[in-house]
Structure formats: C-alpha cells, structure tokens
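Notes to accompany the following structure.
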Amino acid sequence: MLTKIITEGTTKVEVPIPDENSNFPPSSVQVFYNPAMRTNRDMAVAAIACFSRDNPDYTYLDALCASGIRGLRIAGEVGLNTTMSDWEEASYELITRNIELNKLSNCTAMKRNANVVMLDGSFDIIDLDPFGTPAPFLDAACFSTKRLLCITATDTAPLCGAHKKAGIRNYSAVPLKTEYYPEMGVRILMGAAARTLAKYDKAMTPLLSYASAHYVRLFVSVKKGIKEADECLKNMGFLSHCFNCGERNWKFGLAVHMEEKCGVCGNKTSLAGPLWMGKLHEREFCQKLLDEAKKREFKDVLKLIASCRDELDIPMHYDIHKVCKLLGITAMSTVDLVTALREKGFQASRTHFSGISFKTDAGMEEIKRVVMGMAGRSC
C-alpha cells in the first residue's frame with residue numbers, strides 16, 4: 001500500500017494513495033480515507049471541543065477509524081483521551097504509525113470489532129462514521145455512550161425514501177421521498193437514535209443535526225434516566241404528505257391516527273414515521289460552535305453552522321421551486337418569500353438544507369396565497 005503524509009487541521013496523517021484509474025478513489029485502497037470529508041471532521045473537532053471544554057477528562061471513541069484521521073485530530077487538537085478501533089490489520093498498522101507520527105500519548109489503538117469495543121466498555125463520547133449505514137453499530141453505541149453521540153450516515157437513499165425498503169429495514173421507520181428529503185433523512189436517523197437510546201433508559205438532546213452533500217450528521221447529548229427517556233420519546237411522531245397538492249401534517253406520538261385523505265384536496269395521503277419531530281439544533285450550542293470554528297479558522301463550516309442556528313424549529317421545510325411549480329408560475333427569490341411571509345404575520349426562515357428551501361408556520365395553502373400575491377405584484 002503506497003502512502004503519503006498530509007496535514008489536516010494541525011495534525012499530520014499518513015494516508016493511502018488511491019488508484020488514479022478508480023471511479024471512486026477513496027474505496028480503491030486497503031484503508032479508507034476520504035479527503036472530501038474534511039469539512040465533516042472540522043465540524044467534529046469544533047463541536048467536541050465545545051462540548052468538552054469544561055471536561056478535559058472525557059473519553060472519546062472513534063469506533064470505525066480506518067486511517068485514524070478523525071480520532072487523531074480529536075486527540076491532538078482537542079486533547080481528549082482517545083481510543084481508535086478498526087479490525088482491519090492494514091488500518092490498525094496505519095493508525096499505530098499515525099499515533100507515533102504525532103507523538104500522542106493520549107491515544108490507544110485497538111484491532112477489534114467496533115461493536116465488541118463498545119459493548120465491552122463505556123465512553124463519554126462515541127463517534128460513528130461508517131462507510132454506509134450506521135445501523136449495525138447503533139445499538140452498541142447507544143448502550144456504551146455516556147454523554148455525547150456523534151453519527152454520520154452516508155446511506156442517504158434509504159434514509160430519504162429513494163430506497164424505501166432498505167430504509168425500513170435499517171431504521172425501523174417508513175421514509176418518504178419528497179421535496180424535503182434531506183430533512184426526512186435527518187429525522188429518520190434521529191428517531192432511530194432516540195428509540196435505541198431509550199432501550200437503555202437514556203434520553204438525547206440534539207445539539208446540531210444537518211444534511212450536507214452525500215451524508216447526514218448528528219451531534220446529540222445523552223443523559224441517563226427513565227423519566228428523561230420517556231420525555232424524550234414524546235418528540236417522536238408521524239407525518240402525512242399529499243403528493244397532489246403538497247399539504248403535509250404531523251402528529252406527535254408513537255401510536256397516532258392520521259387521516260387517510262388530504263383535508264385540502266381529498267387525495268390519498270402517504271405516511272412517514274416514526275421519526276423525530278422535535279428540535280434539530282440547540283441555538284446556544286450553535287453559537288458557541290460558531291465562535292469555536294472561527295477561532296480555529298474552519299471557514300468552510302461557518303455558513304452551515306449559522307444557517308442551522310437561525311432556522312425555525314418547525315418540522316419539514318418547503319421548496320420554493322416545488323411551490324411555484326404547483327402553481328404554474330416562475331420560481332421567485334427565497335429571501336423575498338421569507339420576507340413576505342413575515343409581513344403577513346407568519347414565522348419564516350431560510351434553512352441549511354438548500355438555497356431554495358424555507359421553513360414557516362404557514363400551511364401550504366397560505367404559502368400559495370402569499371406566493372400568488374407576490375407573483376401578481378411582479379406582473
């Protein structure tokens with residue numbers, strides 16, 4: 001295996017050199033390393049630094065670490081006692097060399113199955129960043145983590161409803177492929193995490209949850225307690241969507257009755273869930289995270305953090321292009337629509353999910369009336 005030494009953040013890492021003829025270079029080598037996920041790792045460093053600021057003795061597990069780049073950065077740039085686990089011999093050898101390269105005394109490398117590592121012990125912070133779905137590791141992670149659970153999922157097709165049956169198998173929930181599919185993916189994954197944590201009498205509070213490019217990412221604080229777990233599950237619910245007129249409704253609860261026909265147009269609705277219907281972010285944490293990212297000069301994550309901080313805590317965003325298409329008119333500015341909705345007395349904000357998405361407490365029919373009013377004024 002050919003390797004080279006790079007620097008990411010302030011950490012030196014020996015990584016494999018991919019085959020130039022491969023269609024997907026990161027997977028063409030023995031040890032997986034994806035340079036495109038640097039932003040994801042920058043966010044992890046800043047978020048975990050914020051979370052552990054007053055607790056430098058927290059323990060951190062990079063459960064599926066491959067080259068070890070994420071765990072090395074947490075050990076070196078945040079200073080936490082770090083365990084890095086991978087059961088591939090090539091990965092274990094590379095991790096060991098990278099620990100020596102950075103002269104880190106607070107790192108331990110393990111050549112073990114990730115689930116065995118988590119079931120054998122507990123860690124304050126656990127980070128799951130698998131190649132694909134985190135589903136096979138979610139149960140052990142929820143059992144083992146004490147304070148913070150970080151999850152990356154790159155199986156966006158099952159999460160977002162494009163591969164519906166796989167989504168049901170992996171997450172025990174029905175996803176729907178809609179115009180707000182990125183948020184669907186986030187909420188399906190969060191719901192799976194909340195229900196799995198509850199099995200071990202644990203509750204979660206989302207600090208930051210987002211969809212970016214080809215993955216979904218969660219940072220949730222964890223608290224032990226039966227009452228807390230019961231209260232947390234009150235954030236679960238179901239969503240109904242009308243693919244004819246775009247109307248959507250949701251109800252909290254794990255056993256709810258949803259109308260089979262749309263209350264607006266009478267067409268049959270489609271059901272999604274159970275999924276997390278509570279908050280996706282904690283604003284105070286997002287502000288601290290923004291300050292931390294600025295201090296560390298992680299410029300690529302600043303806009304994303306600010307967008308998450310400022311978006312409304314309302315389930316399921318709208319797509320301005322979809323709304324305008326339903327009305328048969330030319331798409332308009334998202335910023336102008338948000339302003340118009342606010343002028344009508346509704347709450348409204350842009351979102352991090354896309355440049356053409358927005359959130360509001362207005363219903364679809366109210367949104368359409370505002371949009372048609374704007375279209376009429378522009379004529």
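Any read-out appearing in this document is the output of simple, stated calculations on the displayed coordinates, not a laboratory observation. Values in this document were obtained by computation on a predicted structure and should not be read as measured data. Here Cβ is always computed from backbone atoms with ideal geometry, including for glycine, and neighbour counts include all displayed protein chains.
Brief remarks on what is shown
- Highest-MSF residue in the chain out of A340, A153, A192 [GNM, Cα springs under 10 Å]: A340
- Ordering D57, D336, D139 by the number of other Cβ atoms within 10 Å of each residue's own Cβ, fewest first, gives D57, D336, D139.
- To the nearest ten degrees, helix 364-378 and the longest principal axis of the Cα atoms of the chain are 70 degrees apart.
- Principal-axis tilt of helix 283-295 within the chain, Cα atoms, nearest 10 degrees: 50
- Cα pair distances of region 93-143 binned at 5 Å [whole percent]: 4, 17, 25, 21, 20, 11, 3
- When the charge dipole of the chain is built from unit charges on Cβ atoms (+1 for Lys and Arg, -1 for Asp and Glu) and taken about the Cα centre, the candidate among P182, F285, T133 whose Cα reaches farthest toward its positive end is P182.
- The long axis of helix 89-101 is offset from the longest Cα principal axis of the chain by roughly 80 degrees.
- Antiparallel %, DSSP beta bridges [both residues in the chain], to 5: 70
- Kirkwood hydrodynamic radius of region 148-266, from the reciprocal of the average inverse Cα-Cα distance over all distinct pairs: 15.1 Å.
- Ranked T10, T205, criterion: other C-beta atoms within 10 Å, fewest first: T10, T205
- Computed about the Cα centre, the dipole magnitude for the chain is approximately 800 debye when only Lys and Arg (+1) and Asp and Glu (-1) carry charge, each at its Cβ.
- Structure-based [θ]222 nm, the chain - -39500 (n - 2.57) summed over DSSP H runs of at least 4, per residue, nearest 500: -11000 deg cm²/dmol
- Debye intensity ratio I(q)/I(0), log10, region 317-379, q values 0.16, 0.18 Å⁻¹ (C-alpha model): -0.42, -0.54
- With Cα atoms as the point set, the radius of gyration and Dmax of region 243-379 evaluate to 17.2, 53 Å.
- Note on region 150-216: along the principal axes its Cα atoms extend 33, 24, 17 Å, ordered by decreasing extent.
- Listing I329, I5 from fewest to most neighbouring C-beta atoms within 10 Å gives I5, I329.
- Sparse-neighbour loop sites [GluC sites (Glu not before Pro); region 178-260; at most 16 other C-beta within 10 Å; DSSP]: E259, E260
- The distance separating the Cα centre of region 311-379 from that of region 171-187 comes to 21 Å.
- Under Karplus coefficients 6.51, -1.76 and 1.60, residue-wise ³J(HN,Hα) of region 131-145 in Hz, glycine/proline x: 8, x, 7, x, 3, x, 10, 5, 5, 5, 5, 5, 5, 8, 6
- Size of electric dipole in region 317-379: Cβ of Lys, Arg +1 and of Asp, Glu -1, about Cα centre, debye, nearest 20: 80
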